[in-house]
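Each remark here refers to the structure printed beneath this line.
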Amino acid sequence: MSKPSDKLAALGGPRAVPRELKFHVWPKINATDEKFVLASIRQNSHAWGPNCVALQDEFARWNGNRFCAATNSGTAALHMGLAACDVGAGDEVITTTLSWTSTATCIVHHNAIPVFVDIDHDTMLIDPAKIEAAITPRTKAIIPVHYWGLACDMDAIMKIAAKHNIKVIEDACQGHGSLYRGRKAGTFGHCAAFSLNQNKNFSAGEGGLFVSNDEQIYIKARAVMSFGELRAPESNRDFHAYALGWMYRTSDVAAAYARGRLARLDKDNAAAIANWRLLNDGLGGIDGLIRPVETAKQKTNGYAYVFRVAPDKFPKGVDPNLWRDSVAHAIWLEGVPVASARMSLPEHTVIQARQGYGGGCPWSCPMARKDIDYSMSQYPVTVQTVNSSIQVGINGHRPPNGKSQINAIIKGIRKVFSQLDNVPLKDQA
Ligand SMILES: Cc1ncc(COP(=O)(O)O)c(C=O)c1O
């Protein structure tokens with residue numbers, strides 16, 4: 001017999017999560033952050049300054065890289081990676097279908113052509129078994145993305161890259177501390193990019209970090225970061241642009257804030273991972289719910305929690321997106337911060353309509369292959385994943401939220417999945 005409290009909030013029943021339970025916003029600021037930021041603005045170098053140099057050294061040490069450049073975004077660090085790996089006009093860069101827009105647009109920004117590879121069903125990361133079929137004589141690089149904070153299968157990717165003499169630029173923008181075979185993301189490829197955007201485990205408002213173990217790649221990336229100059233930003237200028245450069249440097253205040261947060265990143269990551277695993281365990285054994293995975297080699301840093309509605313739970317004749325949105329909305333009405341996951345990269349208008357620099361450029365470039373195809377039928381796992389994914393908000397599962405918030409999230413999701421047949425379509429809710 002169902003109790004009145006079982007009635008879905010979407011149908012007028014009581015919320016599973018009481019309104020008194022508060023979810024905390026990420027990140028929590030402390031006295032260390034304030035001390036670093038105040039010290040930065042009280043000294044004279046507010047543009048590139050001593051905190052930028054120190055952050056580079058400290059992050060390189062933390063992550064296990066020889067070189068690091070402190071940038072003003074993860075997007076900038078990715079773009080620097082393409083330039084530093086000598087990707088040129090009309091070259092092809094292979095990447096996953098599932099990522100944040102910048103993973104694809106940084107390729108277009110560099111006049112190169114993104115080529116997407118479908119994801120693995122379980123990990124939702126680029127499927128290494130499908131990469132070789134996408135390689136052509138024009139392929140210059142692969143960008144694996146440690147998406148949702150789970151490290152990619154880097155052994156398989158590096159093996160393919162070595163065989164075809166292709167560079168690997170890791171998009172570790174969500175992967176601070178994600179582990180592959182116990183080694184940190186960003187230490188496998190020729191270079192890697194991290195984001196310091198507020199949502200990230202390592203956040204400084206906005207910002208980024210470029211890392212590499214290859215000195216030549218690092219020097220080229222640093223030139224792109226700072227007007228095409230060859231000097232380190234803290235050394236004397238010769239007022240000479242040696243290459244086409246941008247202004248991708250961070251500022252001292254942002255770097256100071258980042259240093260404060262880096263000092264406790266291990267602790268923050270451990271708490272994020274513990275929450276992620278508690279949530280994942282608590283959602284075990286639910287009919288119709290596909291949980292995210294870790295594998296023996298690939299470990300999460302707890303960045304994001306994304307689960308899926310199983311295909312056999314989709315009602316016939318209803319648009320899958322509408323159904324997934326309806327399930328997410330019903331969970332949200334129970335008081336659980338969730339949202340439908342986003343679209344895949346090839347679906348974006350910039351890709352489908354080939355809106356780069358105008359006139360079809362870079363796809364129309366004489367150096368580019370003419371038969372590039374972005375039809376979605378090539379990415380069946382992606383299409384099904386995007387249509388069925390629901391993401392728990394970072395301000396739900398990320399610390400300082402803890403056991404009480406995680407248990408509330410589990411309760412709300414369980415309630416809705418125990419009666420999927422009762423979920424009203426969103427526009428009728
Ligand atoms: C996978 C991925 N790549 C690239 C980026 C771009 O980083 P930023 O926002 O710092 O430019 C992000 C940021 O959300 C990301 O999640």
Quiz prompt | Set 135, 142: member being within 16 Å of the ligand (Cβ to nearest atom) and either of a type in the set (Lys, Arg) or at pLDDT 95 or above (or both) | solution = 142
Quiz item: Which is assigned by TED's automatic domain parsing to the domain that holds residue 149, away from the ligand (no atom under 16 Å from the Cβ) and of a type in the set (S, T, N, Q), of 201, 165?
Solution: 165
Exercise. Go through segment 186-216 residue by residue and tally those that are in contact with a Cys (Cβ under 8 Å, 6 or more places away or on another chain), of a type in the set (A, V, I, L, M) and either in a loop (DSSP other than H, G, I, E, B) or surrounded by fewer than 24 Cβ atoms within 10 Å (Cβ to Cβ) (or both).
Key: 0
Quiz item: For segment 272-306, what are the residues that are within 18 Å of residue 415 (Cα to Cα) and out of contact with any helix residue (DSSP H, G or I) (no Cβ under 8 Å at 6 or more places or on another chain)?
Solution: 280, 281, 284, 285
Quiz item: Of the residues that sit in segment 334-349 and are part of a loop (DSSP other than H, G, I, E, B) and modelled with pLDDT of 95 or more, which one is nearest to residue 25 (Cα to Cα)?
Solution: 337
Self-check item: Selection status of residue 256, closer than 30 Å to residue 40 by Cα and free of Cβ contacts under 8 Å to residues at least 24 places away in the same chain
Solution: no
Exercise. Using the structure shown, decide if residue 224 is under 12 Å from residue 70 (Cα atoms) and within 16 Å of the ligand (Cβ to nearest atom).
Key: no
Exercise. Confirm whether residue 194 is farther than 25 Å from residue 293 by Cβ and either in contact with a strand residue (DSSP E or B) (Cβ under 8 Å, 6 or more places away or on another chain) or modelled with pLDDT of 95 or more (or both).
Key: no
Practice problem: List the number of the failed condition for residue 324; all other conditions in (1) touching a strand residue (DSSP E or B) at 6+ places or on another chain (Cβ under 7 Å); (2) part of a helix (DSSP H, G or I); (3) closer than 29 Å to residue 72 by Cα hold. | Solution: (3)
Quiz item: Would you pick out the residues in segment 1-54 that are surrounded by fewer than 17 Cβ atoms within 10 Å (Cβ to Cβ) and closer than 18 Å to residue 405 by Cβ?
Solution: 18, 19, 20, 21, 22, 24, 25, 28
Quiz item: Would segment 227-250 turn up any residue that is part of a helix (DSSP H, G or I) and either assigned by TED's automatic domain parsing to the domain that holds residue 122 or surrounded by fewer than 20 Cβ atoms within 10 Å (Cβ to Cβ) (or both)?
Solution: no
Quiz prompt | Which listed residue, of 60, 83, is outside any loop (DSSP other than H, G, I, E, B) and closer than 24 Å to residue 198 by Cβ | solution = 60
Quiz prompt | So residue 327, is it touching a helix residue (DSSP H, G or I) at 6+ places or on another chain (Cβ under 8 Å) and β-branched (Val, Ile, Thr) | solution = yes
Exercise. Write out, first by first residue and then by second, each pair whose Cβ atoms fall under 9 Å of each other, whose residues are 6+ apart or on separate chains, and whose first residue, in segment 407-422, is at pLDDT 95 or above while the second is surrounded by fewer than 15 Cβ atoms within 10 Å (Cβ to Cβ) and of a type in the set (A, V, I, L, M, F, W, C).
Key: 408/21; 422/11
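The values are calculated or read from the model by the stated rules, or taken from the named source; none is laboratory data. Note that the structure is predicted; figures quoted are calculated from it, not measured. Glycine gets a Cβ as well: all are built from the backbone with ideal geometry, and neighbour counts include every protein chain shown.
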